[in-house]
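Peer 1: Before we start, here is the structure in question, set down as structure tokens.
Only the coordinates and a few stated rules stand behind these numbers; no lab work does. For clarity, every value in this text was computed on a predicted model and none was experimentally measured. Cβ: placed from backbone, ideal geometry, glycine included. Neighbour counts: every protein chain shown.
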């Protein structure tokens, strides 16, 4: 019979209960010495009389726990992390991917196994932090949308790409996420034009104070007036713009980017995504549906607070999402804009006076539109700066002026009568 090796506590228990069984001490004295109940002493005594020293040992000693990870699963985990594309996976994300190949484990068991095998370094505990008051979620979907952009090496190609994303405050649903060249006005306008056409107009948008993330980053190259243009467009659409006083204030979108930089980067790696076009299609069709299903929550109220576009707003949406600048009509009825010269046609749908202030719209499709008092003017672009010509016409109207322009004037050149705008 194999010799039973007892630990010091087990040996003490055996000796005391053996003395009790031999009649040297009573059950009460044995229970006092060992700190056990009399009933337990009687049970151990019966076991010792039957099995000897083995009776003083707990019955489960030396046996594997029922929840022990099988060796086959452990081997699958180690093989999984030997692959280069999996080496930076964290326990939670790895647990999901391992389940797809039949290695089912709970996240905590996997974390401990990864630490034991040297596959994961546990995070250091953080010290005391600033305690901030927790803001309750909004009650309805579309009541508040947090919006931001993140520059990161999303495609793991050594360069940074800009990801724009909007997350609903009430449900944590990511309404839209897309890669753009930068966070300039045109990229932001393209983002929100599609968002509003898809969901409608949210009640409010929450973003950085003074829009510093749009003007201070080296890749946000195109426009120091972004917030001015953005607020103007949102005001026309009846959407409130709220500026956060700190990153923590709009923590939901900040936390979203942390999740995306961890999970979405790895998902795109596994899907072999190589460029932004493939990434945008992958995000829209595959990643976001799964992300929203996994991390979305139910709003307190089932009401959708997004407001549909009215017929008027829908008709003006392209104009609203344009970069608008003010210019004056020169004495020869030309308009100068960014080193370009535009000659107004002799007849217009509204009365145009010299020195009138017009709005020049730079639209997302690259076209230029000129507006006065809500009416779009007809014009054509001149190849160069025009020579000064005295035009004795008080105003341009729907009637052709009686003044006869010289032969070299743009109004006489039939080739230039093609309009750049048919509004």
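Peer 1: Taking 41 Å as R0, compute the FRET efficiency from the Cβ-Cβ separation of residue 10 and residue 285 and round it to 0.05.
Peer 2: 0.10
Peer 1: Taking 8 Å as the Cα distance limit and 6 or more residues as the minimum spacing, I'd like the relative contact order of the chain as a percentage.
Peer 2: The value is 11 percent.
Peer 1: Would segment 8-56 count as rounded, prolate or oblate if I go by the C-alpha gyration tensor, calling it rounded below 1.5 in a/c and otherwise prolate when a/b exceeds b/c, oblate otherwise?
Peer 2: Judged from the Cα gyration tensor, segment 8-56 comes out rounded (a/c under 1.5).
Peer 1: Which order do 409, 306 fall in if you start with the one that has the fewest other Cβ atoms within 10 Å?
Peer 2: Fewest-to-most Cβ neighbours within 10 Å comes out as 409, 306.
Peer 1: Let me ask something else. Under the 0.36 nm per residue contour assumption, what length would be gained going from the current alpha-carbon distance of residue 190 and residue 312 to full extension?
Peer 2: 42.0 nm
Peer 1: Can I ask one more? Please state the relative contact order of segment 1-106 as a whole percent: Cα pairs under 8 Å, 6+ residues apart?
Peer 2: Rounded, it is 19 percent for segment 1-106.
Peer 1: With a/c under 1.5 counting as rounded, go ahead and sort segment 322-417 into rounded, prolate or oblate using the C-alpha gyration tensor (a ≥ b ≥ c being the square roots of the eigenvalues; past the cut-off, prolate if a/b is larger than b/c, else oblate).
Peer 2: Here segment 322-417 falls in the prolate category.
Peer 1: Classify segment 71-116 as rounded, prolate or oblate, taking a ≥ b ≥ c as the square roots of the eigenvalues of its Cα gyration tensor: rounded when a/c is under 1.5, otherwise prolate if a/b is larger than b/c and oblate if not.
Peer 2: Here segment 71-116 falls in the rounded category.
Peer 1: Quick check: convex hull over the Cα atoms of segment 145-295, volume per residue in Å³, rounded to an integer?
Peer 2: 106 Å³
Peer 1: Obtain the nm distance between the two label points defined at residue 28 and residue 42 by a simple spin-label model: each point lies 7 Å from its Cα along the Cα-to-C-beta direction.
Peer 2: Output for this residue pair reads 1.5 nm.
Peer 1: Counting only C-alpha contacts under 8 Å and six or more residues apart, can you give the relative contact order of segment 145-295 as a whole percent?
Peer 2: About 27 percent, as a whole number.
Peer 1: Give the calculated FRET efficiency between residue 181 and residue 64 to the nearest 0.05, with a Förster radius of 60 Å applied to their Cβ-Cβ distance.
Peer 2: Efficiency at R0 = 60 Å is approximately 0.55.
Peer 1: Calculated from DSSP H runs of 4 or more alone, at -39500 (n - 2.57) each and per residue, what is the 222 nm mean residue ellipticity of the chain, nearest 500?
Peer 2: So the calculated ellipticity at 222 nm is -9500 deg cm²/dmol.
Peer 1: Related question: Of all alpha-carbon pairs in the chain, indicate the percentage at a distance above 29 angstrom.
Peer 2: 66 percent
Peer 1: Continuing with this model, one more query. Working from Cα positions, state the angle (0 to 90°, nearest 10) between the long axis of helix 185-199 and the longest principal axis of the chain.
Peer 2: With both axes taken from Cα atoms, the answer is about 70 degrees.
Peer 1: Additional query: Out of all DSSP beta bridges in the chain, what portion is antiparallel? Express it as a percent rounded to 5.
Peer 2: Percent antiparallel among DSSP bridges in the chain is about 80.
Peer 1: Relative to the present Cα-Cα distance, how much length would full extension add between residue 353 and residue 270 at 0.36 nm per residue of separation?
Peer 2: Gain on extension, residue 353 to residue 270, equals 23.6 nm.
Peer 1: Ok, one more. Helix 226-237 versus the longest principal axis of the chain: what angle, 0 to 90°, nearest 10, using Cα atoms?
Peer 2: Value to nearest ten degrees: 80.
Peer 1: Also: If r is the Cβ-Cβ distance from residue 394 to residue 97 and R0 is 60 Å, what FRET efficiency results, to the nearest 0.05?
Peer 2: 0.20
Peer 1: Taking the number of other C-beta atoms within 10 Å as the exposure measure, put 173, 115 in order starting with the fewest.
Peer 2: 115, 173
Peer 1: By how many degrees, 0 to 90 and rounded to 10, does the Cα axis of helix 38-51 deviate from the longest principal axis of the chain?
Peer 2: Between the helix axis and the principal axis of the chain, the angle is about 70 degrees.
Peer 1: So if the hydrodynamic radius of segment 263-317 is defined as the Kirkwood radius over C-alpha pairs, what does Stokes-Einstein give as its diffusion coefficient at 37 °C and 0.692 mPa s, in µm² per second?
Peer 2: Diffusion coefficient, whole number: 230 µm²/s.
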